[in-house]
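Accompanying notes for the structure given below.
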Amino acid sequence: MARPKSPLVWILIAVGGASALCCTGTLGLLALGLIAGDDTAPGTAPSAEARTHAGRKGEPGGFAFDAPQGWKTLPDGRFIIEYPNKYGDPLGVEALRMPSVPGLDDGEGKVVRLWRERVGADWNGVPPHPRVMRRFMANGARAFFATEAVKHKGNGRSFLISLYLVEADDRFEPLVFIQSFASTGYGEDLSASFSWDTSYAKVEEALKGVRGSPVGLPLVDDAEVVGRFQYSSNSATQYVNTFTGATTMSTVSYGIDFTFGKDHTFQYKFVGASGQVGAMNFGADDDQGAWSVKHDVLTVTGAKRTRRYLLIGAARTPEGRRALYMLPEHPSWSLAPGSVAQHGELYVSMD
């Protein structure tokens, strides 16, 4: 049985209220209270000069953030770009620094705590426990981040917020990106959800100018991979005959079990079912071989086939269980919100 295409496993895009876009900087960031220098934020805020010129001269501790080309630099150190999409609807992205967070321990936990303290306090519809992912910056430094759609408390519009903690020697340097969309037309909320992947290109553009330290460390340690992990998914579609009123339902359901040994051997099991309810087709598969992690890719070399996964997280679930968050091999791996939502697979530890 061929493995069915993965459905949405983690929804990063939410649908919110509608309004017209004003200045992204006014409606987005001022409501957050995230501007560096806020005396309620942890750590010490860098000076305006250091923020503005960080990309040219760097900062103590090996961190730098180049001003993205074509973006405006505001007096308080924020960067902003606003432009129309192909339909003429305004898109906007803002980037800002937050005060540094001491220590490099528990990156996932610090993302969650900062998310709750700063984002959760000032926006509506904020998940209390965002899924924390990992990635490399342009120079190979690691970063922990979370991306979720939220609503502005004042106008009800949807924004997509990404909170990054970039490793910088003995501390984390937090960055926030806020994506916005607005249209005076009907269905702004739905259109906004479809705009995130488009404006996300500007986020990636800005991230090319981010450098941290140290470099050369693995994104996920081998010890985090060792263990037994499971992933499952199911979806169903109901059909109604408009002439007779008769209904039918088809479903796709499957589960994957990976056991990664300390000796870098693995076992793989797959079970699934698909088809019309009452006439399902069932299938199973298994494999075994060796596994390895290089840079941010997990390669599973089995006797039957080789599988490759982009590792995008190794955090814990809200219940405290270890997890591996991975993207199966795809023609173009991407961390765009829509790609992660559609292709991401969360494997939860069974140990």
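Every read-out reported here was derived from the displayed coordinates using simple, explicitly stated rules and does not represent laboratory data. None of the values given here were measured: they were computed from a predicted structure. Ideal geometry is used to build each Cβ from the backbone, glycine not excepted, and the neighbour counts take in all protein chains shown.
Taking amide H positions as modeled 1.01 Å from N, with prolines and chain starts lacking one, the residues under 5 Å from N139 and 5 or more places away or on another chain are G212. Peptide packing for 312-320, 188-196 was compared via the average number of neighbouring C-beta atoms within 10 Å per residue; ordered from the highest value, the list is 188-196, 312-320.
Under 19 Å from the 7 Å Cα→Cβ point of A246, by amide nitrogen: which residues of segment 271-292? Only 275-280 fall inside the zone, counting backbone N under 19 Å.
Show me the three semi-axes of the equivalent ellipsoid for segment 196-331, from the C-alpha gyration tensor (sqrt of 5 times each eigenvalue), largest first, rounded to whole Å. Working shown, then result.
Details: eigenvalues 248, 115, 36 Å².
Equivalent ellipsoid semi-axes, largest first: 35, 24, 13 Å.
Candidate cross-link partners of K304 among the aspartates and glutamates, defined by an alpha-carbon separation under 15 Å and a same-chain spacing of 8 or more, comprise D285, D286, D287. Can you classify segment 245-298 as rounded, prolate or oblate using the Cα gyration tensor, where a ≥ b ≥ c are the square roots of its eigenvalues, rounded means a/c under 1.5, and otherwise it's prolate if a/b beats b/c and oblate if not? Taking the square roots of the gyration eigenvalues as a ≥ b ≥ c, segment 245-298 is prolate. With Cα atoms defining each centre, segment 243-317 and segment 178-239 are spaced 21 Å apart in the structure.
A Stokes-Einstein calculation at 25 °C with viscosity 0.890 mPa s, built on the Kirkwood radius of segment 132-279 over Cα pairs, returns a diffusion coefficient of 123 µm²/s. I want to verify the translational diffusion coefficient of segment 154-203 in µm²/s; compute it with Stokes-Einstein, Rh as the Kirkwood radius over Cα pairs, at 20 °C and 1.002 mPa s. After rounding, the answer is 169 µm²/s.
Evaluated with a Cβ-only charge set (Lys, Arg +1; Asp, Glu -1), segment 197-351 carries a dipole of roughly 100 debye about its Cα centre, given to the nearest 20.
Here's the list of aspartates and glutamates a cross-link from K262 could span, going by alpha-carbon distance under 17 Å and ignoring same-chain residues fewer than 8 apart: D221, D222, E224, D351. Work out, in µm²/s and without decimals, the Stokes-Einstein translational diffusion coefficient of segment 72-161 at 25 °C, 0.890 mPa s, Rh from Kirkwood over C-alpha pairs. Using the Kirkwood radius from Cα pairs, D works out to 161 µm²/s.
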